[in-house]
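Enquirer: Here's a structure for you.
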Ligand SMILES: Cc1cc2nc3c(=O)[nH]c(=O)nc-3n(C[C@H](O)[C@H](O)[C@H](O)COP(=O)(O)OP(=O)(O)OC[C@H]3O[C@@H](n4cnc5c(N)ncnc54)[C@H](O)[C@@H]3O)c2cc1C
């Protein structure tokens with residue numbers, strides 16, 4: 001791909017950065033990442049407000065075909081992701097805008113697209129993902145939530161878990177079993193959409209150790225969902241899920257968030273003196289920072305490559321797996337390096353002694369999430385081995 005931006009692209013990218021810089025000024029205190037938007041009502045309202053402002057500019061439908069109200073290109077969407085990541089600004093629903101919309105555009109019927117895309121484009125309807133279950137995470141196809149057809153409805157029963165933002169999301173996309181008598185467990189699964197207010201849906205929080213609320217368990221008891229809400233065909237949900245997973249894993253905004261964190265660290269090393277010398281003159285620190293800079297450049301190049309492949313419909317599943325592993329592990333390394341440099345002060349939150357309000361320790365803890373969510377890194381390595389390198393598949 002050609003990495004040089006056209007004048008028009010450069011101008012638009014700058015506009016994204018300028019607007020996000022403005023939006024960042026209204027950020028609630030302590031707001032960061034996904035936790036920021038889902039944990040508190042204040043953070044959620046800030047997210048919705050940013051969504052409205054982005055929707056007014058037509059930024060929640062970048063790269064969609066014009067017939068569905070879209071504007072711009074998929075590369076424009078990449079530039080927006082860079083800007084939101086860099087300024088840690090919400091507004092783009094990761095489930096609705098980043099994952100579901102491109103999946104619907106590739107796999108859904110016209111009827112579904114016309115019904116569900118407008119409210120994603122306007123930012124009014126926020127989504128959550130109901131895939132994992134207590135006994136089905138890596139082995140997702142082993143899920144046991146059932147959907148039994150009765151007339152023009154399915155009746156869904158089961159339990160989902162680790163459902164990010166399900167206590168805030170208005171609608172869910174879920175993977176359920178519609179057929180049990182199958183020769184491969186990937187068959188007989190169906191991808192379906194439903195309102196989280198449907199009777200029978202119960203959301204219970206799964207709190208962090210610090211009482212932060214991002215995840216949930218979702219119980220589904222006789223939940224009636226119209227058959228017309230199926231995406232793709234009944235029993236073909238695995239294909240839809242695979243399409244969505246490739247959008248889920250190519251996560252450029254997180255890479256730009258790391259760039260910002262890295263800049264903060266560089267600033268700190270330049271400004272902070274130990275025994276009369278700036279930390280930036282310490283050869284060990286310089287060496288570690290230089291390595292992170294190389295890795296960041298590689299991660300960003302990988303993510304651009306994926307965005308380019310997606311825009312040309314040449315996406316390979318293992319490309320997304322590669323960037324997911326590399327960027328996730330880099331995030332831990334970056335924040336570990338920061339904490340080594342900041343020393344014990346880096347672990348203190350909201351004190352005059354804590355540089356950056358303790359954000360580096362928060363980001364370090366958050367970084368491990370990336371190595372598990374969206375399919376663990378062990379599973380991604382397996383995908384690269386068999387789908388990318390042609391090594392024998394492990395059963
Ligand atoms: C922060 C976060 C957010 C999430 N958000 C959502 C969400 O919104 N919606 C949703 O549906 N799910 C969500 N999940 C669930 C996530 O997709 C699962 O946690 C993940 O797929 C792993 O499944 P598991 O937790 O059941 O672990 P398991 O599958 O039980 O795995 C346990 C360990 O065994 C390893 N392992 C398992 N099988 C193999 C194998 N074949 N080869 C090698 N190693 C293996 C794994 O890598 C892992 O280290 C989220 C998870 C996290 C951590």
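Enquirer: For the stretch 370-384, check the following and say yes or no: at least one residue is touching a helix residue (DSSP H, G or I) at 6+ places or on another chain (Cβ under 9 Å), more than 16 Å from the ligand (Cβ to nearest atom) and either in contact (Cβ under 8 Å) with a residue 24 or more places away in the chain or not assigned by TED's automatic domain parsing to the domain that holds residue 81 (or both).
Expert: Scanning the stretch 370-384 turns up no residue that is touching a helix residue (DSSP H, G or I) at 6+ places or on another chain (Cβ under 9 Å), more than 16 Å from the ligand (Cβ to nearest atom) and either in contact (Cβ under 8 Å) with a residue 24 or more places away in the chain or not assigned by TED's automatic domain parsing to the domain that holds residue 81 (or both).
Enquirer: Can you tell me which residues in the stretch 299-314 are in contact with a helix residue (DSSP H, G or I) (Cβ under 6 Å, 6 or more places away or on another chain) and either modelled with pLDDT of 85 or more or within 19 Å of residue 330 (Cα to Cα) (or both)?
Expert: 299, 300, 302, 303, 306
Enquirer: Further question on the same structure: Here is a list: 342, 391, 350, 330. Which entry is within 13 Å of residue 254 (Cβ to Cβ) and more than 12 Å from the ligand (Cβ to nearest atom)?
Expert: 330
Enquirer: From the set of residues in the stretch 144-167 that are within 14 Å of the ligand (Cβ to nearest atom) and crowded, with 23+ Cβ neighbours inside 10 Å, which is farthest from the chain's Cα centre (by Cα)?
Expert: Checked the stretch 144-167; the qualifying residue farthest from the chain's Cα centre (by Cα) is 160.
Enquirer: Another question about this same structure. Within the stretch 150-179, track down each residue that is within 20 Å of residue 226 (Cα to Cα) and either assigned by TED's automatic domain parsing to the domain that holds residue 369 or assigned to a loop (DSSP other than H, G, I, E, B) (or both). If you could, list the steps in order and put the result at the bottom.
Expert: Kept after step one, since they are within 20 Å of residue 226 (Cα to Cα), are these residues of the stretch 150-179: 150-160, 169-179.
The answer is 151, 152, 169, 170, 178, 179.
Enquirer: Another question about this same structure. What are the residue pairs meeting all of these: first residue in the stretch 106-135, first residue without any contact (Cβ under 8 Å) to a residue 12 or more places away in the chain and over 17 Å from residue 228 (Cα atoms), second residue part of a helix (DSSP H, G or I) and within 16 Å of the ligand (Cβ to nearest atom), Cβ atoms under 8 Å, and 6 or more apart or on different chains?
Expert: Final answer for the pair search is 135/142.
Conditions tested, residue by residue: (1) within 18 Å of residue 104 (Cβ to Cβ); (2) touching a helix residue (DSSP H, G or I) at 6+ places or on another chain (Cβ under 6 Å).
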{"site": "46", "(1), (2)": "no, no"}
{"site": "50", "(1), (2)": "no, yes"}
{"site": "56", "(1), (2)": "no, no"}
{"site": "61", "(1), (2)": "yes, yes"}
{"site": "67", "(1), (2)": "yes, no"}
{"site": "70", "(1), (2)": "yes, yes"}
{"site": "79", "(1), (2)": "no, yes"}
{"site": "82", "(1), (2)": "no, yes"}
{"site": "89", "(1), (2)": "no, yes"}
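Enquirer: Which is under 20 Å from the mean Cα position of the chain (by Cα), within 16 Å of the ligand (Cβ to nearest atom) and not assigned by TED's automatic domain parsing to the domain that holds residue 308, of 106, 133, 124, 82?
Expert: After applying the criteria, what remains is 133.
The values are calculated or read from the model by the stated rules, or taken from the named source; none is laboratory data. This one's a predicted model, so the numbers in the text were calculated from it and none came from an experiment. Methodologically, a virtual Cβ is constructed for each residue, glycine included, from the backbone with ideal geometry; neighbour enumeration extends over all protein chains shown.
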